[in-house]
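*Asks:* Below is the structure I would like to discuss, written out as structure tokens.
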Amino acid sequence: MPRTTHSTIALERHADGRILVLALNRPALHNAINLRMIDEIGGVLSQAAQDPGLACLVITGTGEKTFTSGGDLKEFASIRTREAAEEMSLRMQRLARAIRRAPFPVLAAMNGDAYGGGLEFSLAADARVVDERAKLGFLQVTIGVTPAWRGISRARELLPRSTALLLMLTGDVVDAQQALAFGLVDRVAPAGCALEVTLTIARRIASHPPLAVRAIKRMLDAPSGDEDEALQREASSFAGSWISEDHWEALAARSERRAGEYRGR
């Protein structure tokens with residue numbers, strides 16, 4: 001991936017370049033998301049999607065207290081028209097959609113609190129690991145607005161309707177264990193270890209044949225549609241992975257008790 005200077009995010013490669021860590025990098029502002037950050041994340045994601053060697057993207061926050069506090073309310077205070085408000089919402093919704101459609105898994109290493117749009121942003125990831133000290137909450141209702149960054153549709157997928165409704169209508173803040181019980185997050189990490197735990201998961205993913213990893217994500221996100229079409233789609237996906245070089249290399253590596261050397265074909 002070409003080197004680019006970013007003002008709101010920081011990038012770091014792990015596992016011989018197969019894992020990309022993207023850190024929200026506005027710690028003095030609790031990693032608040034502004035339009036520049038949306039665009040910079042989108043640019044990185046677009047470039048990363050063209051990298052066949054990338055196994056996993058990890059999104060985290062800079063600092064120990066906050067993953068992201070949500071939208072930069074100071075910057076967004078200049079939004080005074082319906083059209084401008086819709087455009088800001090759509091801009092972030094498109095980014096959330098791009099994260100979900102990324103060919104590789106995207107994991108959120110939630111190093112701290114996530115409120116409002118910050119919690120919505122975390123839900124765009126395929127899975128979430130949260131610091132045990134973190135607090136999470138949909139606070140939009142407390143300032144008289146609705147979730148704007150695709151949080152409602154993602155909450156509908158992850159949570160029972162009544163749970164999502166109560167969280168969004170009360171503005172209640174929950175701790176990490178409550179978030180895990182509700183289904184907002186997938187793992188709770190020891191204090192200060194969210195990124196470390198997430199990287200361990202990412203390395204496990206990166207150790208597997210990339211064609212299979214990407215195909216599994218693609219299949220899970222495919223619409224159900226007609227049952228016969230779904231049957232054929234799954235059979236075709238399996239057949240493609242079965243005849244791949246990586247499949248036979250994986251079998252040989254298992255038999256020879258060594259790490260596989262995969263080429264993505």
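Only the coordinates and a few stated rules stand behind these numbers; no lab work does. What you are looking at is a predicted structure, and each value in this text was computed from that prediction instead of being measured. Here the Cβ positions follow ideal geometry from the backbone for every residue, glycine too, while neighbour counts run over all protein chains shown.
*Asks:* Just to confirm a number: summing +1 for Lys and Arg and -1 for Asp and Glu over residues other than SER207 whose beta-carbon lies under 15 angstrom from that of SER207, what do you get?
*Replies:* Spelling it out: positives minus negatives among the neighbours equals +4.
*Asks:* When only C-alpha pairs under 8 Å and at least 6 residues apart count, what is the relative contact order of segment 182-265, in percent?
*Replies:* Relative CO of segment 182-265 lands at 30 percent.
*Asks:* Where Lys and Arg each count +1 and Asp and Glu each count -1, what net charge lies around ASP72 among other residues with Cβ under 11 Å from its Cβ?
*Replies:* +2
*Asks:* Mind checking which of LEU119, LEU220, LEU165 has the largest fluctuation in a GNM of the chain, springs on alpha carbons under 10 Å?
*Replies:* With Cα springs under 10 Å in the chain, the top fluctuation among LEU119, LEU220, LEU165 is at LEU220.
*Asks:* Towards the positive end of the charge dipole of segment 210-255, with charges on Cβ (+1 Lys, Arg; -1 Asp, Glu), say which of TRP242, LEU211, ALA222 has the farthest Cα.
*Replies:* LEU211
*Asks:* Determine the distance separating the Cα centre of segment 70-118 from the Cα centre of segment 148-190; give it in Å without decimals.
*Replies:* Spelled out, the Cα-based centre of one part sits 17 Å from the other.
*Asks:* How far apart, in nm, are two points set 7 Å out from the Cα along the Cα-to-Cβ line at SER255 and at LEU165?
*Replies:* 5.8
*Asks:* Let me spell out the model: positive unit charges on the Cβ of Lys and Arg, negative unit charges on the Cβ of Asp and Glu, origin at the Cα centre of segment 9-206. What dipole size does that give, in debye rounded to 20?
*Replies:* 360
*Asks:* Hey, another quick one. Between LEU73 and TRP248, how high is the FRET efficiency from 1/(1 + (r/R0)^6) when r is the Cβ-Cβ distance and R₀ = 51 Å? Nearest 0.05.
*Replies:* 0.40
*Asks:* Please arrange MET219, MET168 by how many other C-beta atoms lie within 10 Å of their C-beta, fewest to most.
*Replies:* Arranged by neighbour count, lowest to highest, MET219, MET168 become MET219, MET168.
*Asks:* Roughly speaking, what is the stretch gain from ILE152 to ARG204, that is 0.36 nm per residue apart minus the C-alpha to C-alpha distance, in nm to one decimal?
*Replies:* Gain in length upon complete extension: 15.7 nm.
*Asks:* How tilted is helix 35-48 with respect to the longest principal axis of the chain? Cα atoms for both, answer in degrees (0 to 90, nearest 10).
*Replies:* Compared with the principal axis, the helix lies near 0 degrees.
*Asks:* Something else about it: What's the magnitude of the charge dipole for segment 1-98 around its Cα centre, counting Lys and Arg as +1 and Asp and Glu as -1 at the beta-carbon? Answer in Debye, nearest 20.
*Replies:* For this selection, approximately 80 debye.
*Asks:* Still on this structure: Find the relative contact order for the chain and round it to a whole percent, using C-alpha pairs within less than 8 Å whose residues are 6+ positions apart.
*Replies:* Value for the chain: 16 percent.
*Asks:* Something else about it: Could you work out which residue, out of PHE138, PHE67, PHE76, moves most in a Gaussian network model of the chain, that is, has the largest mean-square fluctuation with Cα springs under 10 Å?
*Replies:* Result for the chain, Cα springs under 10 Å: PHE76 fluctuates most.
*Asks:* So, one more: Return the inverse of the average 1/r over all pairs of distinct C-alpha atoms in the chain, which is the Kirkwood hydrodynamic radius, in Å to one decimal.
*Replies:* 19.5
*Asks:* Quick one: if the Förster radius is 22 Å, what FRET efficiency do ARG91 and ALA222 give, using the C-beta to C-beta distance and rounding to 0.05?
*Replies:* The pair ARG91/ALA222 has a calculated efficiency of 0.25.
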